[in-house]
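The values are calculated or read from the model by the stated rules, or taken from the named source; none is laboratory data. All of these numbers come straight from a predicted model, not from anything done at the bench. Glycine also receives a Cβ, built like all others from the backbone with ideal geometry; neighbour counts cover every protein chain displayed.
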Ligand code: SAM
């Protein structure tokens, strides 16, 4: 099948070429805008993961046609270089780096953006779990960079894979936005788990200081999480259960207890745990250690066969050499 058959099969691929878009994904953003009026009142926009540039083209055409072109500022970021577009400033950079956030802010002369879009996709490996994980990491990186550059009330749109852990991402986005919707434009194939989160009404938690330190991102070794405070810090409570008189699971207790001090403290424990069978530890002075078998040994442990082989001296026996068919002797004397 040549190029022409792809043209025939995919209507959006054909339309994109006819309408002058660099990629068929332009229609995804256009259809999202039809539903959400994303571009209303937008003067400053950021396109993360922009190459080859069809979303930047949409931003350029839409924003520059409805505003004074001098008022419009669009910054596009991608790891890869992109051919120039009218009214689009390009940054060849990585969206997981804080330096990229600073460069965007510098282009906006300190003013925050009204809209951030991200159609980022890592190179697909074909292993679904890994692809979903990397996509989620890229989305979190985009969210992080967005917290540096978006104005309060602004909008963030990003590609998401609706995999099994998608609810975790939704709840992370809900921390920062009043409205989070998952949208699937018609131009996005039904067979793909791709969708787009439309996050409206940016309102970070009070006192939140933007940083690139989402613990789910593993490139953030430069941040000391213990120094983060207030809403910047997520703390899962740690509860130590049991009091100090309980046995210490990291300690090795002797089979016969000798030191007097030890006996005293352990006898306190025994007092507290007198319903438990303690005979195997034989903690009483003077008594000999008496082995007590487990109450319920495993029924059919996976090591059973290995134990049997070892017991019967059958483990790792040298195999006799396999019989090799020897060719009939040839008489070379003739
Ligand atoms: N929206 C684009 C368009 O309409 O032309 C298509 C984007 S393409 C599907 C995904 C892009 O994500 C690739 O160009 C890739 O280089 C970029 N990307 C992936 N990881 C990135 C990262 N860490 N930083 C910047 N760009 C990244």
Residue selected from region 64-75 under the condition buried (at least 18 other Cβ atoms within 10 Å of the Cβ) and away from the ligand (no atom under 16 Å from the Cβ), by the criterion farthest from residue 107 (Cα to Cα): 72
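Of all residues in region 16-29, how many are assigned to a helix (DSSP H, G or I), within 12 Å of the ligand (Cβ to nearest atom) and over 17 Å from residue 114 (Cα atoms)? Even if it seems obvious, please write down each step before you answer.
Of all residues in region 16-29, those assigned to a helix (DSSP H, G or I) come to 16-19, 26-29.
This time we only want the ones that are within 12 Å of the ligand (Cβ to nearest atom), so: 16, 26-29.
Subsequent filtering for residues that are over 17 Å from residue 114 (Cα atoms) retains 16, 26-28.
Matching residues across region 16-29 total 4.
Test of understanding: among 176, 196, 156, which residue is over 19 Å from residue 91 (Cβ atoms), in contact with a strand residue (DSSP E or B) (Cβ under 6 Å, 6 or more places away or on another chain), touching a residue at least 12 places away in the same chain (Cβ under 8 Å) and buried (at least 19 other Cβ atoms within 10 Å of the Cβ)? Don't jump to the end; show me each part of the working.
On the way: 176 fails: in contact with a strand residue (DSSP E or B) (Cβ under 6 Å, 6 or more places away or on another chain); 156 fails: over 19 Å from residue 91 (Cβ atoms).
Result of the check over 176, 196, 156: 196.
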Is region 85-99 home to any residue that is touching a helix residue (DSSP H, G or I) at 6+ places or on another chain (Cβ under 6 Å), more than 19 Å from residue 25 (Cβ to Cβ) and surrounded by 18 or more Cβ atoms within 10 Å (Cβ to Cβ)? yes
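For region 160-171, does any single residue satisfy the condition of being in contact (Cβ under 8 Å) with a residue 40 or more places away in the chain and under 27 Å from residue 209 (Cβ atoms)?
Going residue by residue through region 160-171, those that are in contact (Cβ under 8 Å) with a residue 40 or more places away in the chain are none.
Checked against the condition, which is being in contact (Cβ under 8 Å) with a residue 40 or more places away in the chain and under 27 Å from residue 209 (Cβ atoms), region 160-171 yields no hits at all.
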So, in region 86-101, of the ones that are out of contact with any strand residue (DSSP E or B) (no Cβ under 8 Å at 6 or more places or on another chain) and in contact (Cβ under 8 Å) with a residue 12 or more places away in the chain, which residue ends up farthest from the ligand (Cβ to nearest atom)? 86
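Return a yes/no flag: does region 134-144 have any residue that is part of a strand (DSSP E or B) and either on the phi > 0 side of the Ramachandran plot or at pLDDT 90 or above (or both). Don't jump to the end; show me each part of the working.
The first filter runs over region 134-144 and keeps only residues part of a strand (DSSP E or B), leaving none.
No: region 134-144 contains no residue that is part of a strand (DSSP E or B) and either on the phi > 0 side of the Ramachandran plot or at pLDDT 90 or above (or both).
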Matching residues in region 102-128 - criterion: being out of contact with any helix residue (DSSP H, G or I) (no Cβ under 9 Å at 6 or more places or on another chain), under 28 Å from residue 185 (Cα atoms) and within 15 Å of the ligand (Cβ to nearest atom): none
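For residue 111, are the conditions met, namely being over 22 Å from residue 201 (Cβ atoms) and surrounded by fewer than 21 Cβ atoms within 10 Å (Cβ to Cβ)? Full working, then the answer.
Values: over 22 Å from residue 201 (Cβ atoms): no; surrounded by fewer than 21 Cβ atoms within 10 Å (Cβ to Cβ): yes.
Answer is no for this residue.
What are the residues in region 64-75 that are assigned to a helix (DSSP H, G or I) and under 21 Å from residue 20 (Cα atoms), if any? It would help to see each step written out before you state the result.
Residues of region 64-75 that are assigned to a helix (DSSP H, G or I), as a first pass: 64-66, 69-71.
Passing the criteria: 64, 65, 66, 69.
Name the residues in region 103-131 that are free of Cβ contacts under 8 Å to residues at least 40 places away in the same chain and not in a loop (DSSP other than H, G, I, E, B), would you? Steps first, answer last, please.
The initial filter retains those residues of region 103-131 that are free of Cβ contacts under 8 Å to residues at least 40 places away in the same chain, namely 103, 106-107, 109-110, 122-131.
If the condition is that a residue be free of Cβ contacts under 8 Å to residues at least 40 places away in the same chain and not in a loop (DSSP other than H, G, I, E, B), then 103, 106, 107, 128, 129, 130, 131 are the ones that fit.
Residue by residue, here is whether (1) modelled with pLDDT of 95 or more; (2) more than 32 Å from the chain's Cα centre (by Cα); (3) assigned to a helix (DSSP H, G or I); (4) within 14 Å of the ligand (Cβ to nearest atom) holds:
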{"site": "14", "(1), (2), (3), (4)": "no, yes, yes, no"}
{"site": "35", "(1), (2), (3), (4)": "no, no, yes, no"}
{"site": "42", "(1), (2), (3), (4)": "yes, no, no, no"}
{"site": "46", "(1), (2), (3), (4)": "yes, no, no, yes"}
{"site": "50", "(1), (2), (3), (4)": "yes, no, no, yes"}
{"site": "55", "(1), (2), (3), (4)": "yes, no, yes, yes"}
{"site": "62", "(1), (2), (3), (4)": "yes, yes, yes, yes"}
{"site": "77", "(1), (2), (3), (4)": "yes, no, no, yes"}
{"site": "81", "(1), (2), (3), (4)": "no, no, no, yes"}
Only one of (1) within 12 Å of the ligand (Cβ to nearest atom); (2) in contact with a helix residue (DSSP H, G or I) (Cβ under 7 Å, 6 or more places away or on another chain) does not apply to residue 137, and that is (2)
